[in-house]
1. If you take the beta carbon distance between Ile144 and Ala113 as r and set R0 to 25 Å, what does 1/(1 + (r/R0)^6) give as a FRET efficiency, to the nearest 0.05?
2. So for Phe86, Phe123, fewest C-beta neighbours within 10 Å to most, what's the order?
3. Can you run phi through the Karplus equation (6.51, -1.76, 1.60; θ = phi - 60°) for segment 128-143 and list ³J(HN,Hα) in whole Hz, with x for Gly and Pro?
4. Note the per residue figure in Å³ for the convex hull of the C-alpha positions in segment 41-144.
5. Rounded to the nearest 0.05, what FRET efficiency do Cys80 and Trp52 give with R0 = 22 Å and r taken as the Cβ-Cβ distance? Could you check?
6. At q = 0.16, 0.20, 0.29 Å⁻¹, what log₁₀ I(q)/I(0) does a Debye calculation on the Cα points of segment 73-131 give, no solvent, two decimals?
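Readers should treat all values here as calculations from the given coordinates under stated rules, not as data from a laboratory. Keep in mind that this is a model prediction, so the values were computed, not measured. We place every Cβ from the backbone using ideal geometry, glycine too, and count neighbours over all the protein chains shown.
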Amino acid sequence: MTNFASINRLISHRIRPVFQRRLVSTSKKNNDTVAAEACQSQTNTKVVVKSWVSYGYDHKNKTDDRSVMHVLMFGALTLCGVVGGFVWTYAPDYHLRDWGVREAFLELRRREAEGKLPIDPNFIPVEKIILPSDEELGDTEIII
């Protein structure tokens, strides 16, 4: 009987934090939470007002929590966003897309200056083209 009671106590102790809930208060008393730390002497009492919500970097020290948040946000937004966008915008054309377009326009201009068609109809010699016969095509619709 003691084994079951200790197991039940152990299980309920481990499961209990999962089922705990924090209720949201809708009262207008935002700064009423006060944590008091008593110093050694009775004349000096230090009152610490905790009216801040942690960003998740340090749950005990407001200054460290804010400092880490500001450093990480500066790094993420300014360095990655602005500097990364600048590098991405002004990076060289590794895939040579701009070069291909310029070459196409130069070739079209050259062919027009020589009096040729933009695309030669005999670009591939007619002897090398093998077309299917009418029997192979069957009822396939041909759109020209």
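1. Details: r = 30 Å, r/R0 = 1.22.
Efficiency, rounded to the nearest 0.05: 0.25.
2. So the residues, fewest neighbours to most, are Phe123, Phe86.
3. Rounded to whole hertz, the list is 8, 7, 10, 9, x, 7, 5, 5, 5, 6, x, 9, 5, 7, 10, 10.
4. Looking at segment 41-144, the number lands at 304 Å³ per residue.
5. Numbers: r = 27 Å, r/R0 = 1.23.
So the FRET efficiency works out to roughly 0.25.
6. Each listed q maps to, in turn, -0.73, -0.87, -1.06.
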